[in-house]
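Peer 1: Can you read through this structure? Questions will come right after.
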Amino acid sequence: MSSHSFTPRLTLHDLRKLAATRKLAMLTCYDAGFAATLDAAGVDLILIGDSLGMVVQGHDSTLPVKVEHVAYHTACVARGAARPWIVADMPFGSFQASPEQAFGNAVTLMQAGSQMVKIEGGAEMAPTVEFLVRRGIPVCAHVGLTPQHVNVFGGYRVQGRGADAVDRLHAAAQSLQDAGAAMMVIEAVPEPVARALAQSLQLITIGIGASVACTAQVLVLHDMLGAGTGKRPRFVKSFMAGGSKTGGYLGDISDKSGDEQFAYDNLMDGTILHGSPDTVLRKIEEFKAVGTTSLMLHYPPYYGTEKARRSLRLFAEKVMPQFRD
């Protein structure tokens, strides 16, 4: 006889119930290690965005991303995160030709581990959305600034300015909702316009540079951590600012000269919280005493999923209860 712990993955029904009580948390993710970290932090939805073309592959746009790239990263995330609802982006050229083309590629992403696919575009995509939903594939629509249209827009520009643009935005959103979309990303739209749009819809709305009135907010993980070399959007706050950025932390280590011993004990004592629950509690109290207000849990890929989950359970059961007040 064997026993296994099982964390049920959130469903659309679960997300709608949660959204009635609080805002939903959503981030992009592309690998199993960070997926486990986001899961442990309580993130509700994970998006495997075609943004991976820029933050992972190093391109200057999302256009070079292919279905097999998204499928690969979706499978990685699905193995690392047990609870969050997983949304996979349909990349450029994978759905525009016909509903049948969209269905074939959406099946690939669903089989890789997603629970939903995201499609950019306006009213012209409503027939495709309906085609997918009728065949069992949940769809997240995406309106406003749709990065796959960057060359049509002439750059990454705010959308929904002017009465005509606002009317088109509302009409597109309504048609996509009527077609069966269960969620909708609203990107780079002026706050009053995005607020009115979100309040007019019955589905789950996800803002990115839009309005806090949306059901959820999504950020690109690398932008949030201040990682990478590209320019971050103006609406993104680096949550590592004021502390040690991931990139800066690695730089601090690599900048040590060859004749200076970078002692492991100094690293353990000064930066990393590692050890028994009592040791970790003591170290957190020390950080708290000097004004630290947040910590990031990270488990290297070589830990393996089971070891990471055991450590997370131990942290949740033995450490977190001591700081609930």
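The values are calculated or read from the model by the stated rules, or taken from the named source; none is laboratory data. It should be emphasised that the depicted structure is a prediction, and the values quoted were computed from it without experimental measurement. Every residue, glycine as well, gets a Cβ built from its backbone with ideal geometry; the counts of neighbours run over all protein chains shown.
Peer 1: Determine whether the range 99-107 contains at least one residue that is surrounded by 24 or more Cβ atoms within 10 Å (Cβ to Cβ), in the same structural domain as Gln159 (by TED's automatic domain parsing), at negative phi and charged (D, E, K, R). Outline the logic, then answer.
Peer 2: Within the range 99-107, the first condition is being surrounded by 24 or more Cβ atoms within 10 Å (Cβ to Cβ), and the residues that meet it are 102, 106.
Still in the list and also in the same structural domain as Gln159 (by TED's automatic domain parsing): 102, 106.
Then keep just the ones that are at negative phi; that gives 102, 106.
Okay, now just the ones that are also charged (D, E, K, R), so none.
No, that holds for no residue.
Peer 1: A further question on this structure: Please identify the pairs in which a residue from the range 11-37 that is assigned by TED's automatic domain parsing to the domain that holds Gln115 and touching a residue at least 40 places away in the same chain (Cβ under 8 Å) has its Cβ atom under 6 Å from the Cβ atom of a residue that is part of a helix (DSSP H, G or I) and of a type in the set (D, E, K, R), counting only partners at least 6 apart or on another chain.
Peer 2: Every condition considered, the pairs that remain are Ala32/Arg79.
Peer 1: Which of the residues spanning the range 147-168 are touching a residue at least 40 places away in the same chain (Cβ under 8 Å) and either buried (at least 20 other Cβ atoms within 10 Å of the Cβ) or touching a Cys at 6+ places or on another chain (Cβ under 7 Å) (or both)?
Peer 2: Pro147, Gln148
Peer 1: Only helices (runs of 4 or more DSSP H) wholly contained in the range 71-186 count here; list those with 3 or more residues that are within 30 Å of Glu306 (Cα to Cα) and at pLDDT 95 or above. Give the steps one after another, and end with the answer.
Peer 2: Numbers: elements: 99-112, 126-134, 150-153, 163-178.
So the answer is 99-112.
Peer 1: Among the residues of the range 5-43, how many are farther than 21 Å from Gln199 by Cα, surrounded by 20 or more Cβ atoms within 10 Å (Cβ to Cβ) and in contact with a strand residue (DSSP E or B) (Cβ under 7 Å, 6 or more places away or on another chain)?
Peer 2: Qualifying residue count, the range 5-43: 7.
Peer 1: Just to verify a result, which residue in the range 51-70, among those that are at pLDDT below 95 and touching a Pro at 6+ places or on another chain (Cβ under 6 Å), is nearest to Leu312 (Cα to Cα)?
Peer 2: Gly53
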